[in-house]
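I have placed the structure first, in the form of structure tokens, so that the comments after it can refer back to it.
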Amino acid sequence: MITVADRVVVAFEGDGAGAGELSWGQMDIWQAMVRQQSWLPNGVCVPLPAGTTVDELADQLRYVMSRYPTARTRLVFEPDGTPRQVVSAAGEIALEVVDAGDADPEQVADALRLRYQDAAFDFTADWPVRMGAVRGHDVLTHLVVVMCHLVTDGSGARMLFEELAARSTADVPAAQPLEQARWQASPAGRRQNTSALRHWESVLRTMPLRQFPEPSDRRQPRHWRGEFVSYALGPALDAVRANTGAAAAPALLGLFAVALARVTGINPVAVRPMVHNRFRPGLDRVVCMLAQYGVCLLDVAGVSLAEAVDRAQRASLTSYKNAYYNPVELDDLVRRVVAERGGELELPCYFNDRTTLAKPAGAPPAGARPHDAVFRWTTRQDTPFEPLIVHVDDVPGAMQATIFMDTHVISPADGEALLRGLEAAAVQAAQDPAAPTTITTRAAHASS
């Protein structure tokens, strides 16, 4: 049981106050929160250096709240439910200190993280950052930080923690979400949105009507989460890149498309890759929710694995360019195309490559062999995930693919086969890039 021993009130103030519409990235993640019935918190608990004081942690919290407008952002809602953002100029927030007593401080820190993540969140009243520290025998041992996804995406979080560690005093980028929303409503922003939706419409009208076989193993609870840790995937991807000249992200995307087509028997494969959008002018260092999912259609049947990777590389460029759009207008487009194609169009799966070019820290466990992959189901719940989303991350000595899925859309067996198939496709492509993809398609799922 978590017992808060101290609550330190931290006052803060910062620039960028104002109110306005949500930016596209904010609205995109808001829609995901509504679909998934969650405030989508991201949490970490990290060991603290010896001698860390409560005052130092309070100063860190003050730095975050003062420097980043998104940490001072709350929502208000129009009568029709449309959210708007309000950035405050100043306020107060509490830093909690928890005594571990005789318990393991690391376990207490993880329990505190879960408590922060599981606690109800009021978008109109709560600050979107929760921070606490664990104290064991009068010594601070761990820091716990949980942030609502409206604060930032993964790329922005890395920048936030880098700047926090260095206590950067560099100017905060001008293109904060309020300014982004203003640009997006401008003629230039409207042109970007029109171009992006034109690309989306071309994919929606040509992709197969169905993306998954008829569900054969519906479960209750219906929404499952699984993890696959692979020691072979990373080295195999390095070899594929060396053999084909492909960049890391499209190589992984192409091999994922092969695995998906092999499991579902549906080709071409429509995939929604996550795009960080930080290659856009003025957005590279903004701590905010900027990433959005693009869409690409990949024909991976009847070609070599190397050709599948090359096709992904070419298609991904177009996908990245058009992953910056108004998600409300995209929803309208999807509804129109679904109606025109007969109301049976299944949207593609999401794919989020969160790996880096840097080698993952650490080494495989002692005695681990390249094919000693481990798969396990970790969560079964009634609260919805997306129908199918796969995240790929670096972990110490390995790579991890995490699947969130609806068993009324894809079976647990196919979900596991998809992650194992990603590893298998990468290993095969590393050994023989000219090997065929060997996709057996289901004629019943051809596009109309």
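Across Ala125, Ala312, Ala17, mean-square fluctuation computed from a Gaussian network of the chain (C-alpha pairs under 10 Å connected) peaks at Ala125.
Seen through its C-alpha gyration tensor, with square-root eigenvalues sorted a ≥ b ≥ c, the range 187-445 comes out rounded because a/c lies under 1.5. With r as the distance between the Cβ atoms of Asp55 and Ala103 and R0 = 25 Å, compute the FRET efficiency 1/(1 + (r/R0)^6) and round to 0.05. Result of the calculation: an efficiency of 0.50. Our note on the geometry: Cα centres of the range 422-437 and the range 37-116, 44 Å apart. Using a simple spin-label model with pseudo-atoms 7 Å out from Cα toward Cβ, Arg380 and Asp332 lie 4.3 nm apart. For the range 165-222, trypsin sites (Lys or Arg not before Pro) are listed when DSSP marks them as loop and at most 12 other Cβ atoms sit within 10 Å of their Cβ; the list is Arg167, Arg218.
Projecting the Cα positions of Thr124, Leu388, Ile439 onto the charge dipole of the chain (unit charges on Cβ atoms of Lys, Arg, Asp and Glu, taken about the Cα centre) puts Ile439 furthest along the positive direction.
Any chance you could run the full-extension gain for Phe77 through Asp372? It's 0.36 nm times the residue separation minus the Cα-Cα distance, nm to one decimal.
Numbers: separation 295, 0.36 × 295 = 106.20 nm, distance 5.02 nm.
Gain on extension, Phe77 to Asp372, equals 101.2 nm.
Against the chain, whose longest principal axis is taken from its Cα atoms, helix 248-264 shows a tilt of about 60°.
Identify the GluC sites (Glu not before Pro) of the range 321-350 meeting these criteria: DSSP loop state and at most 13 other C-beta atoms within 10 Å of the C-beta. Answer by residue number: Glu344. Mind telling me which of Ala239, Ala120, Ala291 comes out most flexible in a GNM of the chain, alpha-carbon contacts under 10 Å? It is Ala120. Net charge dipole, the chain: roughly 1280 debye, given to the nearest 20, about the Cα centre with Cβ charges of +1 for Lys and Arg and -1 for Asp and Glu.
Along the range 88-94 the Karplus relation, 6.51 cos²θ - 1.76 cosθ + 1.60 evaluated at θ = phi - 60°, assigns HN-Hα couplings of 7, 7, 7, x, 9, 9, 9 Hz to successive residues, with x for each Gly and Pro.
Its alpha carbons give the chain an Rg and a Dmax of 22.8, 68 Å. Backbone phi angles across the range 286-298, fed through the Karplus curve with coefficients 6.51, -1.76 and 1.60 (θ = phi - 60°), yield HN-Hα couplings of 7, 8, 6, 8, 10, 5, 9, 7, x, 8, 9, 10, 10 Hz in residue order; Gly and Pro are listed as x. Between helix 412-431 and the chain there is an angle of about 70 degrees, using the helix long axis and the longest principal axis of the Cα atoms. Apply the a/c threshold of 1.5 to the C-alpha gyration tensor of the range 4-182 and tell me whether it is rounded, prolate or oblate. It is prolate, given that a/c is not under 1.5 and a/b is the larger ratio. Compared with the dominant principal axis of the Cα atoms in the chain, helix 54-67 is inclined by about 60°.
If you take every DSSP beta bridge whose two residues both sit in the chain, what share of them, in percent to the nearest 5, is antiparallel? Could you put the intermediate results ahead of the total?
Working: 62 of 74 bridges.
The answer is about 85 percent antiparallel.
Computed from backbone phi, the HN-Hα couplings of the range 394-406 come to 7, 10, x, x, 7, 10, 10, 10, 10, 10, 10, 8, 9 Hz, rounded to whole numbers (Karplus: 6.51 cos²θ - 1.76 cosθ + 1.60, θ = phi - 60°; Gly and Pro given as x). Consider a paramagnetic label point 7 Å from the Cα of Ala119 along Cα→Cβ; state which residues of the range 76-94 have an amide N under 14 Å from it. Residues passing the 14 Å test: 93-94. Under 5 Å between amide hydrogens, built in the peptide plane, is the criterion, and for Ala270 it picks out Leu298 among residues at least 5 positions away or on other chains.
None of the figures in this text is laboratory data; all of them are computed from the coordinates on show. Here the structure is a predicted model, which means the values were calculated and not measured. Here the Cβ is made from the backbone with ideal geometry for all residues, glycine too, and neighbour counts use every protein chain on show.
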